[in-house]
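The values are calculated or read from the model by the stated rules, or taken from the named source; none is laboratory data. Just so you know, these numbers come straight off a predicted model, no measurement behind them. FYI the Cβ positions are ideal-geometry reconstructions off the backbone, even for glycines, and counts take in every protein chain you see.
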Amino acid sequence: MSDYSDLLIYLDGEFVAWNDAKIHVFSPAVKYGAAVFEGIRGYWNAENATMYLFRLEEHMRRLELSQRIMRFNQIIPAETMMEATIELMRKNAFRSSVHIRPTVYVSGYGESSAQEPLGTFVTAIPRETPKKVEVGCRAQISSWQRIADNVMPARAKANANYNNSRYAGIQAAKDGYDAAILLNSRGKLSEGQGMCLFIIRNGVAVTPSVTSDILESITRDTVIHLLREQGVEVQERDVDRSEFFDASEAFFCGTGAEITPIINVDGDAIGAGAPGVVTRALQAAYFDLAFGRTNANHEWLTAV
């Protein structure tokens, strides 16, 4: 177990020691998952001794949207959460890449329909790129169905929504896979467990549309931008699971997953069963951008 006791956490307007950051067990956030959050990466560039927060504003604007979808009685503005995050990063003075989690939650002692009062916190912990980004992963088409927009809108990055991915991820691990892929109520590909996905078919990058019960991923948007810069056509549409049989490459993307190659689905190899050339080129462009090694799209980086 990692020891984060020397880190600070932003909690309700103050910076407190890791072990002192507490909310009440009777809060709707604890009882019902009445909270929304973001996952943000901070990339440490050792060459110029700078931490770059990747697409900070876009993440915080999505946090505002999630609050509206969850019908909170007030909206904690993006600017407040951005300011708190930047100050937290300065106070903790990280010298390695990190994962940041800003959260807005329903505090107090209300029941499941409570819409206030609201609390906020931001955590940041060291986290390097997972090994699976290099070697790829084996995925299972899950028997668990992706939640539909008229059930629990996936467009909101709500804590409670992630139980859907949790079921699928646990089942995939028990069945000997590294990750899960969920279908939506129409039987079309939706997303992985907390990450979006792409397949490369006949040289075209295909990804489920934003009406496929996916989280409207900021990393996904970044990937579409980078692929088009590299001359790769991108289609956003309904995707059948059988299209994996004709895919030369596939990959997940997300704040946590970054760009993770999918080399096998349900026991069948994707392409050569190894990360492909399009995926490798995309990874290189993504990390060059995120670490601030290029002047392109510099507006997506917040230097700390």
Condition test on GLY203, is it in the same structural domain as ALA285 (by TED's automatic domain parsing) and over 24 Å from GLY39 (Cα atoms)? yes
For region 1-76, give me every one of the strands (runs of 3 or more DSSP E) that falls completely inside it and has 3 or more residues that are among the small types (Gly, Ala, Ser). none
Within region 13-44, restricting to residues that are touching a residue at least 60 places away in the same chain (Cβ under 8 Å) and of a type in the set (D, E, K, R), the one that is farthest from ALA303 (Cα to Cα) is LYS31
What pairs come up if the first residue lies in region 85-101 and is assigned to a loop (DSSP other than H, G, I, E, B), the second is among the polar types (S, T, N, Q), and their beta carbons are under 8 Å apart, counting only those six or more places apart or on different chains? SER97/THR129
Condition first: closer than 25 Å to GLU229 by Cα and touching a residue at least 40 places away in the same chain (Cβ under 8 Å). Can you find one or more residues in region 120-131 that meet it? yes
For region 186-238, please list each of the strands (runs of 3 or more DSSP E) lying entirely inside it that holds at least 3 residues being surrounded by 22 or more Cβ atoms within 10 Å (Cβ to Cβ). 189-192, 196-201, 204-208
